[in-house]
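The values are calculated or read from the model by the stated rules, or taken from the named source; none is laboratory data. Small disclaimer: the values here were computed from a predicted structure and weren't measured. Because the Cβ atoms are built from the backbone with ideal geometry, glycine has one as well, and the counts that use them run over all protein chains shown. Heads up: the accessible areas ignore ligands, DNA and RNA and are worked out on the full protein's heavy atoms, side chains in. Shrake-Rupley method; radii C 1.70, N 1.55, O 1.52, S 1.80 Å.
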Amino acid sequence: MDHVRAVHHQLNKACKQLSASEPDTRLQLLLDYVGRHEEAFNIALRRYEKEANAKAAIDTWLQFSADETINEALREMDLHPGMTAEEIVEQVLSFDAKLMALYRDLAESTSSAQVRELFSDLIQMAEGKQHQYARILQDWQ
């Protein structure tokens, strides 16, 4: 979970850096919005960790490490100046889709109901974000 949080923090940081150098105000707003969502995700993860019941789930050993999968998803993300709103959202959604697939794999690999519930909640959060981004793109056009 620490690694997942770190990756979302890196994405938030990248969005802030791009926003600061972006001349288009609407793209600045979009990048700020994406960054805030990444920060909110991290806050939600911290909240899970603080809850005693979820803490026991987070300390559960899983059969395989997700670090390489997470790092690969981050390496494949390519946010850079000059991107359109559609390209930015596409990159973020692709990243989230890879993480959701990972969460599903992790949930299926454990016998702990608490761990399955945690990853199910993370999937629901990511799906909610996908719907929000789809609405943003519709409004954008």
Which one is modelled with the lowest pLDDT among residues in the stretch 75-94 that are surrounded by fewer than 18 Cβ atoms within 10 Å (Cβ to Cβ) and among the aliphatic types (A, V, I, L, M)? Met77
I'm checking my understanding of the structure. Among residues of the stretch 111-141 that are more than 19 Å from Tyr33 (Cα to Cα) and of a type in the set (Gly, Ala, Ser), which one is most open to solvent (accessible area, probe 1.4 Å)? Ser111
If only one of Asp78, Asp96, Asp139 is assigned to a helix (DSSP H, G or I) and within 16 Å of the chain's Cα centre (by Cα), which one is it? Asp96
Please go through (1) assigned to a helix (DSSP H, G or I); (2) at pLDDT 80 or above; (3) not aromatic (Phe, Trp, Tyr) for Pro23 and return the number of the only condition it doesn't satisfy. (1)
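So is Ile88 in a helix (DSSP H, G or I), closer than 30 Å to Pro23 by Cα and not charged (D, E, K, R) or not? Spell out the reasoning first.
On the way: in a helix (DSSP H, G or I): yes; closer than 30 Å to Pro23 by Cα: yes; not charged (D, E, K, R): yes.
Spelling it out, Ile88 is indeed in a helix (DSSP H, G or I), closer than 30 Å to Pro23 by Cα and not charged (D, E, K, R).
Please work out if Asp59 is among the acidic types (Asp, Glu), modelled with pLDDT under 85 and open to solvent by 30 Å² or more (accessible area, probe 1.4 Å).
Numbers: among the acidic types (Asp, Glu): yes; modelled with pLDDT under 85: yes; open to solvent by 30 Å² or more (accessible area, probe 1.4 Å): yes.
In short, yes.
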